[in-house]
1. Within the stretch 26-42, which residues are modelled with pLDDT of 80 or more and more than 21 Å from Ala53 (Cβ to Cβ)?
2. What is the residue count in the stretch 9-65 for residues that are polar (S, T, N, Q) and surrounded by 10 or more Cβ atoms within 10 Å (Cβ to Cβ)?
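The values are calculated or read from the model by the stated rules, or taken from the named source; none is laboratory data. Only a predicted model underlies this, so the values are computations on that prediction, with no experimental measurement involved. Glycine also receives a Cβ, built like all others from the backbone with ideal geometry; neighbour counts cover every protein chain displayed.
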Amino acid sequence: MWQTFLFSLIIVAICLVLLAVRLFFGKKFVHTHVDGNKAMHRKGIRCAQSMDAEERRDNPYTVSEKSKK
């Protein structure tokens, strides 16, 4: 029982060490956000938050829909 637990604990520790080495000394992580992807930018696809913020900005050319009495 203890041998199995110790063996699996050693395997998990080795995996964590290898992950840390890859994280600190390896390549940079791929930028997965939509705004950072060049192919999506060329197709006109943007981040939903950016599009929402742009739509919420006041448009100076809008026509008032309220009637003035």
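1. Residues satisfying the conditions are Lys38, Ala39, Arg42.
2. Result for the stretch 9-65: 3.
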